[in-house]
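One structure below.
The values are calculated or read from the model by the stated rules, or taken from the named source; none is laboratory data. Bear in mind the structure is a predicted one, so any value in this text is a computation, not a measurement. Positions of Cβ are backbone-derived with ideal geometry, glycine not excepted, and every protein chain shown enters the neighbour counts.
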Amino acid sequence: MQVEVVPMRVMLIRPPAKHTVESEVPEAVSAENLSYPPLALMAIAEFLKSQSTHEVAILDAQLDDLGYDELERRVAAFKPDVVGITAFTVQLVDVLKTVKAAKAAGAKYAVVGGPHVSDFPRECVGLPGVDAVVKGEGQKPMLDLCDAWARGETPKGIPGTMCHPDDPVPEQDVYFSNNLDDYPIIDRTMVDYKRYYDVMGEGGVFTTLISSRGCPYRCTFCNTPRHRYRVMSPARVCEEIKSCLDLGIEEFYFVDDTFNITNQRVIDLCDAIIERGLKLRWTVRFRVKGMTRELLTKMKQAGCHRIQFGVEQGTEEGLLRLKKDVTVREIENAFKLCREIGIHTVAYFMIGTPTERSRDDVMDTIAYSIALDPDFVMFNVLTPFPGTTLYDEGQRDGVLDVEPWMSFMRDPKEDFKAQVWDEYFTRAELREMLNHAYRRFYWRPKFVARNLTQIRSPKDFMRKATAGVRMLTG
Ligand code: B12
Ligand code: SF4
């Protein structure tokens, strides 16, 4: 007998950012968090559309800064059978509120996925209102869940998913394919794509894209899944870029965990971009290892205008402790080459790491960030997240009390504050040094002068000025 399949109405939601866990990120930086397109949800939506007849919509509650009443109204208007919500650990309170609002609006099933679930699937599936969670890449598991519900079945044993805390935790991430090329190209028009922007960019229409998954390195503060590193072919990446260029998108940010695991991959991609005559401006997240003049020159030729480097520390001891697997010399070489070749740089630094034992040590980190001479710098207070080696080390060494984190996972509360590495400094001291770091870096005549010469348009000026004022007052 044929089972009747009724296509599901599926709404994928990026929750409002109203209750983000305070983790000592300056307001100036978090204020800019809302400008990225919801790439994960777009990838899932495109996949569902390409493989099924389910009706799919995306609701980016952060783009319009929606409150929960309005969110509920918008969900009710779409009448979804299933809502899928993306979860960062720091947004767990908002995720739960979104589940609640969606259910109140009539959604039958709520699925939660994203980086938080990948780390804590069992705790997440136990949260009220959550019907299923997806660990790892969500495209195929989300399709399987919706198909099961469409057939009127109770999903059971779908790879990559859990529907009850007693279900076995998926051991491996579920890929649609080992070949990233098999994922369909995302149609950027499914969101209001012209409204996303890059505050450090040049004011053009902006999007993100991803051309590889995973990272083989082991930095102790990072919880990037250690799954197999997979890359997209240069031809497939170019096809996706072309589809965006056709829409008038000019600025691209590759959000790969680390873009340059091998130089050859980067060179091949640049060659493909150049051969096809694609004209775009792009930025990437890089490691400083293996930087060569040849590589950077090729990248510049292919339109790369900015590289974001996770520097974190300016001493060999600090780098070793975080298992960065790079040296101070390699860092300095990378920044020097970028400056010579004319690629802008962003340096990410951490404050309050286990090897900064005195205020002088932190001031040395700040002084190093200035000496390195990047175009922009981002400082964060080190906050060991669950799922990282540093979190386990902190627990082992008696620096971190993990119980507050665990109870937050099971019962997220708005007043939760993530514990910083407070072996040598109080939270207040770290916050004060963080603010000092931003002021010292950005309040320099050299920085102001350089940025004035780089401003392209009045719109660009307004954006940078607003961000700059926030940095200095934040
Ligand atoms: C771009 C980015 C940002 C941007 C924009 C984030 C955004 N709102 O879109 C900015 C700079 C703002 C940012 C900020 C932060 N980020 Co961030 N960021 C990223 C980055 C580099 C790319 C995200 C992305 O677009 N990936 C591409 C998509 C396609 O992949 P994906 O997100 O993994 O999604 C797949 C699965 O997770 C799953 N999935 C995702 N959502 C859903 C939903 C459903 C229903 C289902 C079924 C499946 C599913 O399926 C997707 C498709 O395969 C990732 C690292 C990475 N490479 O993924 C870190 C990452 C997501 N960030 C991280 C962190 C920690 C932060 C900050 C807390 C850092 C800080 N201290 O400030 C802040 C928090 C911001 C906030 N307030 O929420 C962590 C998250 C860890 C966690 N457990 O939550 C990551 C994983 C980096 C890391 N390895 O530590 N980030
Ligand atoms: S910080 Fe970057 S290089 Fe280090 S493990 Fe994470 S993604 Fe890889």
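From LEU247, LEU269, LEU278, which residue is in contact with a Pro (Cβ under 8 Å, 6 or more places away or on another chain) and not charged (D, E, K, R)? Give the steps one after another, and end with the answer.
Numbers: LEU247 fails: in contact with a Pro (Cβ under 8 Å, 6 or more places away or on another chain); LEU278 fails: in contact with a Pro (Cβ under 8 Å, 6 or more places away or on another chain).
After ruling out the rest, the residue left standing is LEU269.
Among (1) in contact with a Cys (Cβ under 9 Å, 6 or more places away or on another chain); (2) hydrophobic (A, V, I, L, M, F, W, C); (3) surrounded by fewer than 18 Cβ atoms within 10 Å (Cβ to Cβ), which single condition is ILE261 missing?
Against the list (1) in contact with a Cys (Cβ under 9 Å, 6 or more places away or on another chain); (2) hydrophobic (A, V, I, L, M, F, W, C); (3) surrounded by fewer than 18 Cβ atoms within 10 Å (Cβ to Cβ), ILE261 comes up short only on (3).
Looking at region 124-141, I want the residues that are part of a loop (DSSP other than H, G, I, E, B) and have a partner that is near ligand 1 (Cβ under 8 Å from one of its atoms) with Cβ atoms under 6 Å, at least 6 apart or on another chain. Which pairs are those?
These pairs meet every condition: VAL130/VAL112; LYS135/VAL117; LYS135/SER118; GLY136/SER118; GLY138/ILE44; GLY138/GLY113.
Can you name the condition, by its number, that CYS270 falls short on among (1) surrounded by fewer than 18 Cβ atoms within 10 Å (Cβ to Cβ); (2) closer than 22 Å to GLY204 by Cα?
(1)
Of these, GLU429, GLU393, which one is assigned to a helix (DSSP H, G or I), over 23 Å from VAL133 (Cβ atoms) and within 16 Å of ligand 2 (Cβ to nearest atom)? Lay out the reasoning, then the answer.
On the way: GLU429 fails: within 16 Å of ligand 2 (Cβ to nearest atom).
Matching residue, one of GLU429, GLU393: GLU393.
Can you name the residue in region 31-74 that is of a type in the set (A, V, I, L, M) and in contact with a Phe, Trp or Tyr (Cβ under 7 Å, 6 or more places away or on another chain) and is also nearest to ligand 1 (Cβ to nearest atom) among such residues?
ALA43
SER23 passes all but one of (1) within 30 Å of TYR175 (Cα to Cα); (2) modelled with pLDDT under 95; (3) within 11 Å of ligand 1 (Cβ to nearest atom); which number fails?
Every listed condition holds for SER23 apart from (1).
The conditions are (1) within 16 Å of ligand 2 (Cβ to nearest atom); (2) buried (at least 17 other Cβ atoms within 10 Å of the Cβ); (3) among the small types (Gly, Ala, Ser), and GLY290 fails exactly one of them. Which is it?
Among (1) within 16 Å of ligand 2 (Cβ to nearest atom); (2) buried (at least 17 other Cβ atoms within 10 Å of the Cβ); (3) among the small types (Gly, Ala, Ser), GLY290 violates only (2).
Looking at region 220-232, can you tell me whether even one residue there is buried (at least 19 other Cβ atoms within 10 Å of the Cβ) and away from ligand 2 (no atom under 16 Å from the Cβ)?
yes
Would you confirm, using the coordinates I've provided, whether THR207 is within 20 Å of the chain's Cα centre (by Cα), more than 30 Å from LYS323 (Cα to Cα), of a type outside the set (Phe, Trp, Tyr) and part of a strand (DSSP E or B)?
Against the criterion (within 20 Å of the chain's Cα centre (by Cα), more than 30 Å from LYS323 (Cα to Cα), of a type outside the set (Phe, Trp, Tyr) and part of a strand (DSSP E or B)), THR207 qualifies.
Scanning region 58-76 for residues that are farther than 20 Å from THR208 by Cβ and small (Gly, Ala, Ser), which turns out nearest to ligand 2 (Cβ to nearest atom)?
The selected residue is GLY67.
In this structure, is GLU330 within 26 Å of the chain's Cα centre (by Cα) and closer than 26 Å to MET299 by Cα? Spell out how you get there, then give the answer.
Details: within 26 Å of the chain's Cα centre (by Cα): yes; closer than 26 Å to MET299 by Cα: yes.
Yes; evaluated as a whole, the condition is true for this residue.
Which one of these does ASP173 not meet: (1) in the same structural domain as GLY318 (by TED's automatic domain parsing); (2) within 14 Å of ligand 1 (Cβ to nearest atom); (3) part of a loop (DSSP other than H, G, I, E, B)?
Unmet condition: (1).
Does any residue in region 205-226 that is in contact (Cβ under 8 Å) with a residue 12 or more places away in the chain and within 11 Å of ligand 1 (Cβ to nearest atom) come within less than 6 Å, Cβ to Cβ, of a residue that is aliphatic (A, V, I, L, M) and in a strand (DSSP E or B) six or more places away or on a different chain, and which pairs are these?
Taking only residues 6 or more apart or on different chains, the pairs are SER212/VAL231.
Considering only residues that are among the aliphatic types (A, V, I, L, M) and over 13 Å from LYS18 (Cα atoms), look in region 71-96 and name the one that is surrounded by the fewest Cβ atoms within 10 Å (Cβ to Cβ). Don't jump to the end; show me each part of the working.
Going through region 71-96, the residues among the aliphatic types (A, V, I, L, M) turn out to be 71, 75-77, 82-83, 85, 87, 90, 92-93, 95-96.
From what is left, the residues that are over 13 Å from LYS18 (Cα atoms) are 75-77, 82-83, 85, 87.
Working: VAL75: 24, ALA76: 15, ALA77: 12, VAL82: 25, VAL83: 27, ILE85: 26, ALA87: 27.
Once the filter is applied, the top-ranked residue is ALA77.
Here's a check for you: in region 104-120, which residue that is within 15 Å of ligand 1 (Cβ to nearest atom) and in a helix (DSSP H, G or I) is surrounded by the most Cβ atoms within 10 Å (Cβ to Cβ)?
Per the stated criteria, the residue is VAL117.
Restricting to region 77-93, count the residues that are of a type outside the set (A, V, I, L, M) and either within 16 Å of ligand 2 (Cβ to nearest atom) or not in a loop (DSSP other than H, G, I, E, B) (or both).
6
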